[in-house]
């Protein structure tokens, strides 16, 4: 069952970032720390184990995120929508902003990604059946730097597909097509990966580069954002 985003006013979102109290979003996900490399890996001092039943009870748009190289991942809940961009927040006040399933911004991760400019044909930003995925695309990644414009890295990405397979994310198994995206430009080189539902273009799992300082973030989509 697909969930809408949690409806929060701007004042509520600002309150969540202050020290005066705890956001209802933070309260509902607080303490849920999850193993991410496999469903049965134990994690020391982990909070509640996530189940599909709990995801349904949250009734919120949810993703699970893990910085590559770390042993635990965290729930992030959709808290705000700006046009087509959805911002998710964790109980540690880390933010990930996404356009579709393309990570376009991060906060609180030790090396922020400020923005991403993408092609209108970018299937990561706009869900596209895999039969229509392009072979190449371009993006601009903007990071903090000298001056208000920051530092922009422009890359060209080449996409290749692998044979169809399945992926299980918290008790639900999806038929997916794996894609590898090799990007380079302006001195940067990185490889993103996506597991895509062929008919809808929904990306259920991805590994995406968010800058040299942080590296990669692994994203599991638990409940996609929808306006319905």
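Numbers for the structure displayed
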read-out: So residue 34, is it part of a strand (DSSP E or B), at pLDDT below 85 and touching a strand residue (DSSP E or B) at 6+ places or on another chain (Cβ under 6 Å); value: yes
read-out: Which listed residue, of 181, 189, is closer than 29 Å to residue 75 by Cα and surrounded by 18 or more Cβ atoms within 10 Å (Cβ to Cβ); value: 181
read-out: Residue under evaluation residue 132, criteria (1) out of contact with any strand residue (DSSP E or B) (no Cβ under 7 Å at 6 or more places or on another chain); (2) at pLDDT 95 or above; (3) surrounded by 15 or more Cβ atoms within 10 Å (Cβ to Cβ), criterion not met; value: (3)
read-out: Filtered residues of the stretch 139-151 (kept if in contact (Cβ under 8 Å) with a residue 24 or more places away in the chain and loosely packed, with under 15 Cβ neighbours inside 10 Å); value: 140, 144, 150
read-out: The stretch 148-178, subset assigned to a loop (DSSP other than H, G, I, E, B) and touching a helix residue (DSSP H, G or I) at 6+ places or on another chain (Cβ under 6 Å), residue farthest from residue 222 (Cα to Cα); value: 171
read-out: Residue check, residue 86 touching a strand residue (DSSP E or B) at 6+ places or on another chain (Cβ under 7 Å), crowded, with 21+ Cβ neighbours inside 10 Å and in a loop (DSSP other than H, G, I, E, B); value: no
read-out: Residue satisfying condition, being in contact with a strand residue (DSSP E or B) (Cβ under 6 Å, 6 or more places away or on another chain), surrounded by 15 or more Cβ atoms within 10 Å (Cβ to Cβ) and more than 30 Å from residue 54 (Cα to Cα), within set 155, 217; value: 155
read-out: One residue from 105, 111 being part of a loop (DSSP other than H, G, I, E, B) and either modelled with pLDDT under 95 or surrounded by 14 or more Cβ atoms within 10 Å (Cβ to Cβ) (or both); value: 111
read-out: Conditions (1) touching a residue at least 60 places away in the same chain (Cβ under 8 Å); (2) surrounded by 18 or more Cβ atoms within 10 Å (Cβ to Cβ); (3) part of a strand (DSSP E or B); number of the one not met by residue 201; value: (3)
read-out: Residue in the stretch 119-136 that is assigned to a strand (DSSP E or B) and within 21 Å of the chain's Cα centre (by Cα) present; value: no
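The values are calculated or read from the model by the stated rules, or taken from the named source; none is laboratory data. Because the structure is a prediction, the values reported are computed rather than measured. Neighbour counts run over all protein chains shown; Cβ positions are idealised from the backbone, glycine included.
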